[in-house]
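S.K.: Below is a structure I'd like to ask you about.
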Amino acid sequence: MQNAGDLVKIGKLIGVFTAGFLAAACLYGPEWLRLHAQQKTDESVLLPLEQKHLRNGRQLTFGGQNAEAYFSSDDKQLIFQHQGEDVPCDQIYSMPVDAPDGKPATPILLSTGRGRTTCSYFFPAGDRILFSSTHEASSECPPKPDYSKGYVWPIYSSYKIYTAKPDGSYLRKLTDAPGYNAEATISRDGKHIVFTSTRNGDLDIYTMDADGSNVKQLTHELGYDGGPFWSYDGKKIVYRAEHPKTPEAIKDYKELLAAGLIRPGNLEIWVMNADGSDKHQITHNGAANFGPYWFPDGKRIIFASNQAEPQSGRAFDLYVINEDGTGQERITFYPDFDAFPMFTSDGKRLVWASNRNGKAPHETNLFIADWVE
């Protein structure tokens with residue numbers, strides 16, 4: 001929510017997305033299959049500096065906007081969101097990580113094909129999926145935000161959180177509270193969901209049981225708290241946040257939120273315990289930091305940041321940092337967008353979204369590589 005995000009998406013700020021990754025009710029077509037069939041595992045997808053930690057890079061999608069790809073608990077499937085030709089609003093797809101016999105794998109539509117979706121995730125047992133959608137409010141795409149106010153993110157109050165079977169059937173809504181409800185992920189024991197909501201008038205992080213009951217608010221600070229992910233042991237949550245401090249910033253934030261918007265100027269990475277205690281900020285670079293994800297060891301976090309070129313806004317790269325904020329290291333060096341990282345359960349492979357190898361301006365695809373310590 002991520003973007004997210006998302007759902008929150010980085011849009012004009014990075015010059016890569018517009019108002020989010022859009023998509024619709026169709027499968028990828030023959031052109032995608034042709035390009036996929038031609039693609040080989042090749043270090044050409046990785047720059048020399050990146051091969052310190054990334055090896056055997058491989059492109060997984062071909063064309064359009066693809067992002068927020070997350071592994072199933074057995075690491076055999078990916079769930080993600082896609083926008084492409086003739087697909088006006090973001091929708092949720094899945095695909096195998098490694099297609100059998102080297103044959104091209106066709107992503108399968110899981111969401112309704114109506115409205116706009118974001119932030120999908122597999123339940124650990126593999127029997128359900130989790131995502132947010134606006135389809136109950138309208139089958140059409142939600143309106144784009146008003147960029148006369150500068151670069152802003154839309155916070156659609158029509159987003160609700162749903163579960164479904166892995167094939168998209170038996171759709172069930174988990175949230176009925178008014179306002180924005182999105183950016184949901186589930187703990188690896190399958191018992192708890194963490195998400196972002198405006199149900200109490202501000203953008204805060206909440207948890208609930210996997211069936212939607214027992215909702216608890218974890219953050220109370222004025223400002224945006226979102227994009228949360230559980231640590232592998234379920235004891236901590238990493239998230240992104242921007243808390244306005246000056247009277248001018250507070251006024252701007254409140255006015256935009258009342259209009260269903262936020263301005264994502266300075267997002268920092270934070271960590272807290274699963275009950276909301278011991279909140280602490282781990283980045284302090286004044287840039288846009290988002291898409292944090294835990295290493296399986298629970299001691300380190302990988303995230304995306306434009307800290308190398310914060311003024312341009314376009315150059316997002318992956319960084320690793322210790323949970324206490326020390327030991328930061330840059331991982332990717334492509335001169336445009338790299339973000340939304342996630343490790344396999346054993347920490348041996350990394351999937352992320354990137355503009356590299358694009359056939360059209362701002363095309364965003366999914367990539368996977370072996371992780372080397």
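The values are calculated or read from the model by the stated rules, or taken from the named source; none is laboratory data. Please read these numbers as outputs of a predicted model, since none were measured by experiment. Glycine also receives a Cβ, built like all others from the backbone with ideal geometry; neighbour counts cover every protein chain displayed.
S.K.: Got a number for residues in the range 325-355 being of a type in the set (D, E, K, R) and at pLDDT below 95? Give the derivation first.
M.R.: Here is the first cut: in the range 325-355, the residues of a type in the set (D, E, K, R) are 329-330, 336, 338, 346, 348-349.
From what's left, at pLDDT below 95: 336.
Qualifying residue count for the region: 1.
S.K.: Is it true that some residue in the range 146-159 is over 18 Å from Arg263 (Cα atoms) and of a type outside the set (Gly, Ala, Ser)?
M.R.: yes
S.K.: Here is a follow-up. Kindly provide the set of residues from the range 250-277 that are assigned to a helix (DSSP H, G or I) and surrounded by fewer than 17 Cβ atoms within 10 Å (Cβ to Cβ), ordered by number.
M.R.: Listed by number, the residues that qualify are Ile250, Lys251, Lys254, Glu255, Ala258.
S.K.: Could you please tell me which pairs satisfy a Cβ distance under 6 Å, a separation of 6+ or placement on different chains, a first residue in the range 283-305 that is aliphatic (A, V, I, L, M), and a second residue that is not in a strand (DSSP E or B)?
M.R.: Ala287/Asn306; Ala287/Gln307; Ala287/Pro310; Ala288/Leu267; Ala288/Asn306
S.K.: Here's another thing I want to ask about it. When the residues of the range 220-258 are narrowed to those that are under 17 Å from Gly276 (Cβ atoms) and small (Gly, Ala, Ser), which ends up nearest to the chain's Cα centre (by Cα)?
M.R.: Result: Gly227.
S.K.: Moving to a separate point now. Residues that are hydroxyl-bearing (Ser, Thr, Tyr) and surrounded by 23 or more Cβ atoms within 10 Å (Cβ to Cβ): which strands (runs of 3 or more DSSP E) entirely in the range 115-227 hold 3 or more of them?
M.R.: 117-122
S.K.: How do the pairs read when you match residues in the range 150-169 that are among the aromatic types (Phe, Trp, Tyr) with residues anywhere that are exposed (fewer than 15 other Cβ atoms within 10 Å of the Cβ), using Cβ under 6 Å and keeping only pairs 6 or more apart or on different chains?
M.R.: If the second residue must be exposed (fewer than 15 other Cβ atoms within 10 Å of the Cβ), the pairs left are Tyr162/Lys173.
S.K.: For the range 283-304, give me each residue that is in contact with a Ser or Thr (Cβ under 7 Å, 6 or more places away or on another chain) and assigned to a strand (DSSP E or B).
M.R.: Result: Asn289, Trp294.
S.K.: Determine if the range 213-221 includes at least one residue that is closer than 15 Å to Ile193 by Cα, modelled with pLDDT of 95 or more, among the small types (Gly, Ala, Ser) and out of contact with any strand residue (DSSP E or B) (no Cβ under 7 Å at 6 or more places or on another chain).
M.R.: yes
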